[in-house]
Amino acid sequence: MEWAWLIPVFSFAAAPLIVVLGRVLPGSGSFLAILAIAAGFALFWWVFAGFLGAGAGTENCLVSAHTGTLTCHYQMAWFHAGLAGAAGSVALTWGIIVDPLTVAMLGLVTFVALMVQIYSLGYMRGDSRFGWYYAVHALFAAAMLTLVLADNFLLLYVAWELVGICSYLLIGFWHERPAAKEAAKKAFIVTRIGDVGMLIGILLIWREVGSFSMFDAFEAVSSGAMTEGVTTVAALLLFLGAMGKSAQFPFHVWLPDAMEGPTPVSALIHAATMVVAGVFLVARVYPIFSAYDGDALLVVAVIGLITALMASTIALVSVDLKRILAYSTISHLGLMMLSLGAFGYTAAIFHLLAHGFAKALLFLGAGSVMHGTDELDIRKMGGLRKVMPMTAFLFSLGALSLGGIPILSGFWSKDEILLAVNDHLNPAFIILALLTAFLSAMYMARAMFVTFFGNLRQEMEHAHESPASMIGPMALLGVLAAVFGFVGFNWPGSYQGIGSFLFFHEAEGFHFNWWLGILSMILAVGAFVLGYLIYIKDRVSLEGFRARIGGLIPVVENKYYFDEAYQWVVDRVVLVFANFIGLFDRIVINDLAVNGPANSVHRLGIAMRLHVTGHVYSYAMGMVLGTIALSIFWWFRSVS
Amino acid sequence: MVDLVYFQLLSAALFVIGMYGVLARRSAVLIVMSIELMLNAVNINLIAAASHLGYRSVGEAFTNFDGQIIAIFVITVAAAELGLALAIILRIYRNRGSVNVDEVDLMKW
C-alpha cells in the first residue's frame, strides 16, 4: 500500500515518452499510455487489497479522529520554504493519503481512463495528432490520480491545475476549429475564476494553521484553533474552486461548450473524472465543511439543488446529443453536491462512482453514434438501433441506469441521495430533488428514444456499427452501469454495504426507505413510459403543454441566457475596466514612467551630438579657443 | 643687439599665420605645412630667448644651450611627424581620391 504513489508515476512517465518517441514508436506510442494506466489499474487492486487487509495497527495507518475511517498516510520531505529550521520557515512534504475515498476514486479513475484510452484507439484512429492525444491523456490520468492521493493542499492544488490544463488542451484538441478554441479558453478561464477563490482559501487555511497538511487543518478545526467564522469562510472559498471544476451554478457555462473536444475526452474528463474533482474536494475536506454544524454545507446544498434543477430543464430541450449528456452531467454533479450538503457523504460518493461509469458509457455511446453517422443533432436521428445494435443496447443501459430504473446502479445511488436529503434538509429540498430525478429520467428517455428507436431515417442507413476496440470498453462500462449499485446492499456475510466502507464518522448499513424508493421508481418508470409515448408512439402530444408554458420555452432553450449575461458583463464591465487599466498602463506607466527618462536622454543626446562634426578644423578651432581661454584665465590670475 | 621683443613679435606673427592656415585650409597637405610654420615660429622664439639669455653681458661666452637643444628636438620630431602625416595623407588619398578634410568626416555622432 505504501507503493500507492506509484500509480500516477507510470502515467507521468508515459506522457513525455510519447511526446519524444511518438514518431518512431508503432501507433504513435499510444500503447505506452494504455500500458501505464493498465499498470495503474493493476496496482489499484493491489492497494485495494492491502487497504482491506490493513487495520488500525498497520504501520502508518490509524482510524482518523476527523473522518472516522481508516486512514493510511505516507509522506516524505519535499522542500523547505525558507531556511530549514529558521523562524517562519515551512517544511513542505510530498504525501499521499490512502483512505476509502481515495481508494474509490483510484478505482474509478484508473478503470474509466483505461476504458476510454482503449476506446480512443478506434475513435481517434487516423487523427494527425494521435500521439499528442495519448500524451495529454496520460498526463491527465497522472494528474487526476495525484489529485485524489494528495495529502496536502499544495500538492492538491498543483494536481488541480494540471488537470485543468489537460482539460484545456483536450477541449481544444481540434484547435483548427474556432469553436473548439473558444470552448477551451472558456473552460480554462471560467474554472480559473473558481480556482482563485480556492487558492485564497488554501492560503487562508495556511495562515490560520501554518501548514498545508490537510490533517493539520482538520486538527485545527476540531480543536477550535480555527474559529467558526474562519472555518466557514475557508470552506466557502474552497467550494468556489469546487464549483468551477464541477460546473456548478453559476460556473456551469463552460461544460456544455467543452463538448467541442473529442468525445472520449468528454467521457473521461467532462463526465467521469475531472468534473467530479469538485465533489471529491468537498468530500476530502468534509471535516472543514461539516464543522460548526455545517453552515457551509447549506450553501453547498442550495447551489447543488439550483444546478441540478436548472441543468436538467436545459437538457430536456437541447437537441445536441452530447450537450444533453453535458447538461445531464451538470445536473448529476448538482445532485452530488446536494447530497454532500445534506450530510449524505456516502450517497454522494456512491452516486459519483455510479454516475461516472454510466455517464462515461453514455458519452462513449454518443461517440460511437458520431463515429457511425457524423451527426449529433438528435432531430436528424432515429431508429439507429437497427444499424448500431450494440451501441443502442449499451447506450440504453446507461440511460436507464442514470434515469433511475430499478436494479440498475443509478437507481440505488440516486435513492441514497434522496434519502439523505429527506433526512437532513427542509421538505422543500426533497420535493425539488424528486422533480430533478423525474426530469433526469425524462431527458434520458428523450435522448435514448429519439436517437435509437422509432423509424430509421433514409440518410442514416449508411451508418455502421463501431469497431470492437470501441464496443469492448463500452460493454465493460455497461456491466458496471448495470450492477455497480449492488455494492450498496448488505449482502449476507460480513459485508455491510458501501456505507460500511465509505463513510464519514458513522458507518451506515444499507437502508432503504420504502415510500421514497417506490416514489422515485414510479417517477423514473413514469418518465420513461411518458417519453416512449411522446417520442415514439406520438400518443401524448406536447403541444398543449408547450402552449401553456409558452413563454418559458425560449428561456430554457437559450439556457436561461447565462451566456448572454456573461457576455454582457464581459463586454460592459470587464472590458471597460480592462481598457481603462490598459490606457493607464500605456499612458502613465509606459509613456511617462518607462519611456519618459529614456526619451529625455535620447533628446539630450541628439542635442549634444551636434558638436561632433567630424571636421578637423572644427576640432582645431576648439583647441585654439580653449588655449586662448586658458591663457586669458592664467593671465588674469597672474595679474591679480 | 636686436631687442628680444622683435623676435617674439616675428614668432607670434608666424604662429598666427600658421594657425590661420590650419583652421582655414581645406587641403590636408597645406594644413601640415601650416603646422610646420607654427613649429618654426616656436623654434624662433626658443632660439631668440636662448641666445638672449645665453649672454649675461656683451663679450661673455655662451653658458646656456637649452633653447637650441630643444629647438633641435623640435626639428627632429617635426620631421618624423611630417613623415607620418604625409603617409596618412597618402592613404586617405588612395582611399578617397581626395585630401580635402571636409570630406573626411566619418568620425562623428
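The values are calculated or read from the model by the stated rules, or taken from the named source; none is laboratory data. Worth saying up front: this structure is predicted, and the values here are computed from it rather than measured. Cβ sites come from the backbone with ideal geometry, for glycine too, and all protein chains shown count toward neighbours. Just the protein is used for accessible areas: all its heavy atoms, side chains included, with ligands, DNA and RNA removed. Shrake-Rupley method; radii C 1.70, N 1.55, O 1.52, S 1.80 Å.
Qualifying trypsin sites (Lys or Arg not before Pro) in the stretch A:514-588, where qualification requires a DSSP coil assignment and no more than 13 other C-beta atoms within 10 Å, comprise A:Arg539. Taken per residue, the accessible surface of chain A reaches 42 Å², heavy atoms only and a 1.4 Å probe. Amide H to amide H, with H built 1.01 Å from N, A:Val98 comes under 5 Å of A:Cys72, A:His73, A:Tyr74, counting only residues 5 or more places away or on other chains.
Relative contact order, whole percent, for chain A stands at 11, derived from Cα pairs under 8 Å and 6 or more residues apart.
Expressed as a whole number of Å, what is the distance separating the alpha-carbon centroids of the stretch A:435-460 and the stretch A:303-352? One Cα centre to the other: 18 Å. Across the stretch A:209-309, Cα pairs under 8 Å and at least six residues apart give a relative contact order of 35 percent. Note on the protein assembly as shown: lysine pairs with Cα distance below 18 Å, sequence gap of 8 or more or different chains, count 12.
Eigenvalues of the alpha-carbon gyration tensor of the protein assembly as shown, scaled by 5 and square-rooted, set the equivalent ellipsoid semi-axes at 89, 32, 26 angstrom, largest first.
The orientation-averaged projected area of the convex hull spanned by the Cα atoms of chain B comes to 8.4 nm².
Note on the stretch B:4-96: with charges restricted to the Cβ of Lys and Arg (+1) and Asp and Glu (-1), its dipole about the Cα centre is near 560 debye. Helix B:4-24 and the longest principal axis of the C-alpha atoms of chain B enclose an angle of approximately 0°.
Comparing each chain alone with all protein chains together (probe 1.4 Å, DNA, RNA and ligands left out), the residues of the stretch B:21-54 losing at least 50 Å² of accessible area are B:Leu23. If R0 is 35 Å, the Cβ-Cβ spacing of A:Ser618 and A:Phe584 corresponds to a FRET efficiency of close to 0.15. A straight line joining the Cα centroids of the stretch A:575-640 and the stretch B:66-95 runs 38 Å. Taken over the C-alpha atoms, the stretch A:327-463 has Rg and Dmax values of 16.3, 53 angstrom.
Pairwise Cα distances in the stretch A:402-473 exceed 15 Å in 68 percent of cases. Simple rule: put +1 on each Lys or Arg Cβ and -1 on each Asp or Glu Cβ in the stretch B:4-96, find the dipole, and look at B:Leu4, B:Asn45, B:Leu82; the Cα lying farthest toward the positive end is B:Leu82.
Each peptide in A:330-337, A:416-423, A:375-382, B:43-50 gets a packing score, the mean of other Cβ atoms within 10 Å over its residues, and the list from highest to lowest is A:330-337, A:416-423, B:43-50, A:375-382. Summed over both chains, the accessible area lost when B and A associate is about 1000 Å², using a 1.4 Å probe.
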